[in-house]
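Below is one structure, written out as structure tokens, with a few remarks after it.
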Amino acid sequence: MSEKIVRAILRVIPTFLLITCIVAAFAVQDWNVERTIFGEEDPLKKAGELLPFESVAETELLEDVNLKFSEDRSKLIFEAVLNWPLNVPLTIKEMSAEVLLDGNVVNISLPSEVDIPAKGSERLKMERSLAEAEVPTEISTQNIRNMKMILDIRGIELEIGESGLGGII
């Protein structure tokens, strides 16, 4: 084969593969254009299954929020229960925040990923070891700022966090 023929064949291969995939998709759906493009299920019905609008208002997303020291005051611990209202599982890949302690900023983070089942709840625990100089006399959940999370919802990663004056990234 000459070089020109090989180049021509190589240029045609992507187009051939694309057309083959489109034809296969139509063949799998019995040549029905609507089912091939939109799927077998009604998109609004599928969205309704994933987003339970009634139950979201019934429960708080975060409950039992607590910022405290460990008994020996060597660790700063943030605990909360996350109630996940959607019909899909959630994985919290990363979660971190800054805590103001007597004018000093201390970073706390989730030690590992947390999996939350569909319409389930899970206790979150972020912590950080403290040096003796960092331990103030008292703390409050109002001292938490710049919270950031990376969530995985069925393979879709979302990065959520504060930017500036309480906005979301």
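The figures follow:
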| read-out | value |
| --- | --- |
| Spin-label model distance (nm) - ASN146 vs ILE9, 7 Å beyond Cα toward Cβ | 5.9 nm |
| Burial ordering of PHE26, PHE78, fewest other beta-carbon atoms within 10 Å first | PHE26, PHE78 |
| Net charge of Cβ neighbours under 12 Å - reference MET149; Lys, Arg +1; Asp, Glu -1 | -4 |
| Cβ-Cβ FRET estimate between VAL23 and GLU94, R0 fixed at 41 Å, reported to 0.05 | 0.45 |
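Where a number appears in this text, it was derived from the coordinates with a stated rule and is not lab data. This one's a predicted model, so the numbers in the text were calculated from it and none came from an experiment. Cβ coordinates were reconstructed from backbone atoms using ideal geometry, including for glycine residues, and neighbour counts include every protein chain displayed.
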